[in-house]
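These notes concern the structure reproduced below.
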Amino acid sequence: MEALEAKLRLCQKDRIKLIVADGVFSMEGDIMKLPEIVKLAKKYNASIMIDDAHSLGILGENGSGTASHFGLTDKVDLIMGTFSKSMASLGGFIAADKEVINFIKHNSRSLIFSASMTPSSTAAVLASIEIMENEPERIRHLWKLTAYARERFQEAGFDTGKSETPIIPLFIRDDIKALKMTKILLADGIFVNPVVAPAVPKEDSLIRYSLMATHTKAQVDISIEKITKAAKKLGILKLQPVLV
Ligand SMILES: Cc1ncc(COP(=O)(O)O)c(C=O)c1O
């Protein structure tokens with residue numbers, strides 16, 4: 001927030017200013033500090049845009065995103081998202097006031113001369129929205145599973161950073177070990193993403209463990225057991241002393 005305010009202070013008062021941030025950060029699973037950003041935007045007369053790629057279907061009322069999660073939808077100027085994650089499709093959306101959307105339609109380089117979404121990918125998105133609205137128990141299950149998995153990882157001795165969402169980072173802090181661990185786990189039937197430099201600073205390399213609403217508690221238990229075993233093998237987690 002201090003870095004953002006320092007930048008806003010440098011902006012000329014009468015120029016248009018747009019603060020753009022992810023709703024949920026994709027590598028570490030933390031949530032943007034929207035209430036603080038709203039205060040700064042007001043102070044410096046800036047607009048706000050949220051990239052809800054990793055929040056759609058997860059945060060807010062019926063999974064409608066970060067602004068809804070904070071109850072601040074009317075304070076956000078632009079909300080965009082992709083359909084390529086929780087919607088299991090392709091394409092994306094941008095939501096704003098009519099005037100802004102009209103401007104984007106006529107000036108956005110990537111929209112002009114580009115084909116629109118296919119009927120099948122559009123139908124998949126519509127079906128996803130219907131499921132999100134009509135089956136809220138799926139999102140509830142995902143959040144229950146998230147809290148359970150995070151707690152179990154922490155109990156096992158993993159550093160899960162500041163994650164508050166179903167994206168749970170397991171800090172390895174060594175690129176080679178993170179890659180080795182991913183390979184061992186894949187051979188053992190567990191798919192996780194290695195996140196190494198330059199996606200994150202070298203000392204922050206991690207394994208990204210992500211949950212979906214279709215995962216079960218039994219799958220979480222098995223995966224944590226296997227991940228813990230692999231981490232001990234690589235010397236990432238210290239072996240617990242055996243009590244005699
Ligand atoms: C934060 C964020 N925004 C936007 C996108 C774009 O997604 P796509 O190009 O698949 O629509 C991604 C994809 O990884 C993302 O992580």
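The values are calculated or read from the model by the stated rules, or taken from the named source; none is laboratory data. All of these numbers come straight from a predicted model, not from anything done at the bench. As a convention, Cβ positions derive from the backbone with ideal geometry for all residues, glycine included, and neighbour counts pool all protein chains shown.
When the range 93-113 is examined, which residues are found to be of a type outside the set (A, V, I, L, M), within 18 Å of Val76 (Cα to Cα) and within 16 Å of the ligand (Cβ to nearest atom)? Step through it out loud before you land on a result.
Taking the range 93-113 and keeping what is of a type outside the set (A, V, I, L, M), we get 93, 97-99, 102-103, 105-110, 113.
Okay, now just the ones that are also within 18 Å of Val76 (Cα to Cα), so 93, 97-99, 102-103.
Passing the criteria: only Phe93.
Could you say which residue among Met181, Met132 is surrounded by 17 or more Cβ atoms within 10 Å (Cβ to Cβ) and over 30 Å from Ala230 (Cβ atoms)? Give the derivation first.
Numbers: Met181 fails: over 30 Å from Ala230 (Cβ atoms).
Only one candidate qualifies: Met132.
Do we find that Ser68 is more than 16 Å from the ligand (Cβ to nearest atom), out of contact with any Leu (no Cβ under 6 Å at 6 or more places or on another chain) and not basic (Lys, Arg) in this structure? Walk me through how you get there before you give the answer.
Numbers: more than 16 Å from the ligand (Cβ to nearest atom): yes; out of contact with any Leu (no Cβ under 6 Å at 6 or more places or on another chain): yes; not basic (Lys, Arg): yes.
When the stated conditions are applied, Ser68 passes them.
List, please: which pairs have Cβ atoms under 7 Å, are six or more places apart or on different chains, and start with a residue in the range 28-42 that is part of a loop (DSSP other than H, G, I, E, B) and end with one that is exposed (fewer than 14 other Cβ atoms within 10 Å of the Cβ)?
Sorted first by the residue in the range 28-42, then by its partner, the pairs are Glu28/Lys162; Asp30/Lys162; Lys33/Met1.
I need the full set of residues from the range 43-63 which are assigned to a loop (DSSP other than H, G, I, E, B) and free of Cβ contacts under 8 Å to residues at least 12 places away in the same chain, in order please. Full working, then the answer.
We begin by selecting, within the range 43-63, every residue assigned to a loop (DSSP other than H, G, I, E, B); these are 44-46, 52-60.
Within the range 43-63, just Gly60 meets the criteria.
I'm told Glu61 meets every condition in (1) away from the ligand (no atom under 16 Å from the Cβ); (2) farther than 18 Å from Thr146 by Cα; (3) charged (D, E, K, R) except one. Can you identify the failing condition by its number?
For Glu61, the failing item is (2).
Among Ala127, Ala147, which is free of Cβ contacts under 8 Å to residues at least 24 places away in the same chain, away from the ligand (no atom under 16 Å from the Cβ) and in the same structural domain as Lys217 (by TED's automatic domain parsing)? Write out each step before concluding.
Numbers: Ala127 fails: in the same structural domain as Lys217 (by TED's automatic domain parsing).
Of Ala127, Ala147, the one residue that is free of Cβ contacts under 8 Å to residues at least 24 places away in the same chain, away from the ligand (no atom under 16 Å from the Cβ) and in the same structural domain as Lys217 (by TED's automatic domain parsing) is Ala147.
A quick yes/no check of all residues on (1) within 14 Å of the ligand (Cβ to nearest atom); (2) of a type in the set (Lys, Arg); (3) farther than 19 Å from Ala46 by Cα:
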site	(1), (2), (3)
Lys75	no, yes, no
Leu78	yes, no, no
Gly81	yes, no, yes
Ser84	yes, no, yes
Ala88	yes, no, yes
Ala115	no, no, yes
Ser121	yes, no, yes
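Yes or no: the range 116-123 includes at least one residue that is assigned to a helix (DSSP H, G or I), of a type in the set (A, V, I, L, M) and either modelled with pLDDT of 95 or more or surrounded by 15 or more Cβ atoms within 10 Å (Cβ to Cβ) (or both). Full working, then the answer.
The first filter runs over the range 116-123 and keeps only residues assigned to a helix (DSSP H, G or I), leaving 119-123.
Still in the running and of a type in the set (A, V, I, L, M): 123.
Filter once more, so that each one left must be either modelled with pLDDT of 95 or more or surrounded by 15 or more Cβ atoms within 10 Å (Cβ to Cβ) (or both): 123.
Scanning the range 116-123 turns up at least one residue that is assigned to a helix (DSSP H, G or I), of a type in the set (A, V, I, L, M) and either modelled with pLDDT of 95 or more or surrounded by 15 or more Cβ atoms within 10 Å (Cβ to Cβ) (or both).
Check off (1) surrounded by 19 or more Cβ atoms within 10 Å (Cβ to Cβ); (2) out of contact with any Leu (no Cβ under 8 Å at 6 or more places or on another chain) for Gly23 and give me the number that stays unchecked.
(2)
So that you can scan it fast, the table gives a plain yes or no per residue for (1) of a type in the set (Lys, Arg); (2) modelled with pLDDT under 95; (3) closer than 21 Å to Ala53 by Cα:
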{"site": "Arg150", "(1), (2), (3)": "yes, no, no"}
{"site": "Phe153", "(1), (2), (3)": "no, no, no"}
{"site": "Leu185", "(1), (2), (3)": "no, no, no"}
{"site": "Ala199", "(1), (2), (3)": "no, yes, yes"}
{"site": "Ile207", "(1), (2), (3)": "no, no, yes"}
{"site": "Pro241", "(1), (2), (3)": "no, yes, no"}
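Can we say Ile227 is within 30 Å of Gly63 (Cα to Cα), buried (at least 21 other Cβ atoms within 10 Å of the Cβ) and touching a Ser or Thr at 6+ places or on another chain (Cβ under 9 Å)?
Numbers: within 30 Å of Gly63 (Cα to Cα): yes; buried (at least 21 other Cβ atoms within 10 Å of the Cβ): yes; touching a Ser or Thr at 6+ places or on another chain (Cβ under 9 Å): no.
Spelling it out, it is not the case that Ile227 is within 30 Å of Gly63 (Cα to Cα), buried (at least 21 other Cβ atoms within 10 Å of the Cβ) and touching a Ser or Thr at 6+ places or on another chain (Cβ under 9 Å).
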